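Okay, structure first, notes after.
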Amino acid sequence: MTEAKRPPAHVAMSQFPVADNGELLVGGQRLSVLAERVGQTPFYAYDRGLLKARVAELRAALPQGIELHYAMKANPMPAVVGLMAGLVDGIDVASAGELQVALNAGADPHEISFAGPGKRDIELGQAVAAGVLVNVESARELKVLAAASQRLGLPARVALRVNPDFELKGSGMRMSGGPKQFGIDAETVPDVLAQVGQLAGDGVAFEGFHLFAGSQNLKAEAICEAQQKSFELALRLAEAAPSPVKFLNLGGGFGIPYFPGEARLDLPPIGDNLAALQARARAELPQAKLVIELGRYFVGEAGVYVTRIVDRKVSRGQVFLVADGGLHHHLSASGNFGQVLRKNYPATIQPQGRTETAVEAASVVGPLCTPLDLLADRMDMPRGEVGDLAVIFQSGAYGRSASPEGFLGHPACVEVLV
Ligand SMILES: *Cc1c(COP(=O)(O)O)cnc(C)c1O
């Protein structure tokens, strides 16, 4: 028998309250009741109250006037985007498909920005027609935008996405520094700004800069350092801009704890740092609004993935709880979405129709014919039986839409916002 992984500290990490009988409460509803209401497993459930509380908590920690954008690629469920659109100051989209969802959800087009490499001509035309800000990633995009502006008789609102010469230290995913497909290398930005100036007569309207240095960072000092460097770089680049900077997106990268020993991000130093940058912006870029864009931080902790145990097997002493869901719905919990080392997401078993006092080390696996389909590897959890529910926490971001749902042809999961 293999030794069990460290447990319950995991589950204690979850933001979800528990009823007297030990049942998890999602959107205030007992999980067994919610599962019946949903009518099928597997499903994702996102908690409205937790989403609202997270935005409120962040606003309270940051200086007034710092604008919050939701990067909807973290969770593009239309109902979530609709809720977030009413809570934050803007929505960041990364495709014309996401743009459509944001517009349908009622987001104000003026407060939508569109980033991403390889924007197709048709997508750039859609952005101009919708009146959203395009974070331009190449000189080619500028020409296409100018043509769209001419055709439509509408301004093409642009910010330049800059590939800085630094990175966000200690990030889960690095998105800047060195050669990257994202943004325009900082050293060539002055040339591109000259082109923006030349295209002003063709309807290209310069608004500012977008810098995004990385993701999933739990170190406040690293985030502050990246924000400060981003601000200073933007100040230097602004000298070559054809008109005053009105929009300065300093990126995000705020992480959430997934694994034992990971501490929650310390917000007060980030608030202080942004207050200092805001004071400098008032003096040096007086027309600029400062924006930060976050995906995972807003939604990640507000979601659970719920799957039902269909089989219980013991293989050479190791317990396998085989569930009806797996990596085809939740690639990141399986450890195959960019992780270098696989670690367990916080997870638990919710026994159905009985009280369970026994705890045992078990692995929760999915129905796919691949050993990668592993949701929990030898974790101590309440003893699971066929019919019980397995719950994976921290599942509100990069879940369903980031998973290969068609792989092996199992049924789709559903999503609910409660
Ligand atoms: C992915 C992405 C985000 C969101 O990242 P999170 O880690 O979910 O906060 C924000 N901005 C850009 C440009 C992105 O590509």
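Be a star and scan the range 393-407 for residues whose amide nitrogen sits under 16 Å from the point 7 Å along the Cα-to-Cβ vector of Val414. Within reach of a label on Val414, which here means backbone N under 16 Å from a point 7 Å along Cα→Cβ, the range 393-407 contributes nothing. Against the chain, whose longest principal axis comes from its Cα atoms, helix 48-61 is set at around 50 degrees. Amide H contacts under 5 Å for Val93: Ser113, Phe114, Ala115, restricted to partners 5 or more places along the chain or on a different chain, H placed in the peptide plane at 1.01 Å from N. Distance between the C-alpha centres of the range 276-324 and the range 10-43: 18 Å, rounded to the whole angstrom.
A protection proxy built from the mean count of other Cβ atoms within 10 Å ranks the segments 16-27, 385-396, most packed first, as 385-396, 16-27. Neighbours of Asp121, meaning other residues whose beta-carbon lies under 12 angstrom from its beta-carbon, give a summed charge of +3 when Lys and Arg score +1 and Asp and Glu score -1. Of the residues Leu321, Gln150, Ile112, the one whose Cα sits farthest toward the positive end of the charge dipole of the chain, with +1 on the Cβ of Lys and Arg and -1 on the Cβ of Asp and Glu, is Leu321.
Considering only beta bridges that DSSP places wholly inside the chain, some 40 percent are antiparallel. Of the residues Gly125, Asn217, Ile292, the one whose Cα sits farthest towards the positive end of the charge dipole of the range 115-294 is Gly125 (charges of +1 on Lys and Arg Cβ, -1 on Asp and Glu Cβ, taken about the Cα centre).
Distance between the modelled labels on Arg354 and Ala139, one decimal in nanometres: 7.1 nm (7 Å Cα→Cβ projection).
Computed from Cα atoms, the angle from the helix 121-130 axis to the main principal axis of the chain rounds to 80 degrees.
Looking at the range 146-298 alone, DSSP beta bridges between its own residues are antiparallel in about 10 percent of cases.
If you take the Cα centroid of the range 103-159 and the Cα centroid of the range 209-257, the two points sit 21 Å apart. Ranked by the mean number of other Cβ atoms within 10 Å per residue, highest first, peptides 374-381, 298-305 order as 298-305, 374-381. The residue list Ala412, Ala45, Tyr398 was ranked by how far each Cα lies along the charge dipole of the chain toward its positive end, using unit charges on Cβ atoms, and Ala412 comes out on top. Under 5 Å between amide hydrogens, built in the peptide plane, is the criterion, and for Leu375 it picks out Val364, Val365, Gly366 among residues at least 5 positions away or on other chains.
In the range 224-353, the DSSP beta bridges split such that about 65 percent are antiparallel, to the nearest 5. Sorting the segments 263-272, 288-297, 84-93 by their mean number of nearby beta carbons within 10 angstrom, highest to lowest, gives 288-297, 84-93, 263-272.
Which GluC sites (Glu not before Pro) in the range 203-269 sit in a loop by DSSP (not H, G, I, E or B) and have at most 13 other Cβ atoms within 10 Å of their own Cβ? Of the GluC sites (Glu not before Pro), the ones in loops of the range 203-269 whose Cβ has at most 13 other Cβ atoms within 10 Å are Glu239, Glu262.
Here the dipole of the range 322-418 is about 220 debye; that uses its Cα centre as origin and unit charges on the Cβ of Lys and Arg (positive) and Asp and Glu (negative).
With +1 on each Lys and Arg Cβ and -1 on each Asp and Glu Cβ, and nothing else charged, work out how big the dipole of the chain is about its Cα centre, in Debye to the nearest 20.
320 debye
In the full protein context, the range 115-294 carries 39 Å² of accessible surface per residue, based on a 1.4 Å probe and ignoring ligands, DNA and RNA. By accessible area, using a 1.4 Å probe on protein heavy atoms only, the range 115-294 has 54% of its surface on carbon and sulfur. For the range 170-240, the dipole from Cβ point charges (+1 on Lys and Arg, -1 on Asp and Glu) about the Cα centre works out to 320 debye, to the nearest 20. Eigen-decomposition of the gyration tensor built on the alpha-carbon atoms of the chain gives equivalent ellipsoid semi-axes of 42, 21, 19 angstrom, largest listed first.
What is the sum of charges around Ala323, taking Lys and Arg as +1, Asp and Glu as -1, for the other residues whose C-beta is under 14 Å from the C-beta of Ala323? Net charge in that neighbourhood comes out at -3.
The values are calculated or read from the model by the stated rules, or taken from the named source; none is laboratory data. Keep in mind that what you see is a predicted model, and the values were worked out from it rather than measured. All Cβ positions, glycine included, derive from the backbone under ideal geometry; neighbour counts span all protein chains shown. Heads up: the accessible areas ignore ligands, DNA and RNA and are worked out on the full protein's heavy atoms, side chains in. Shrake-Rupley method; radii C 1.70, N 1.55, O 1.52, S 1.80 Å.
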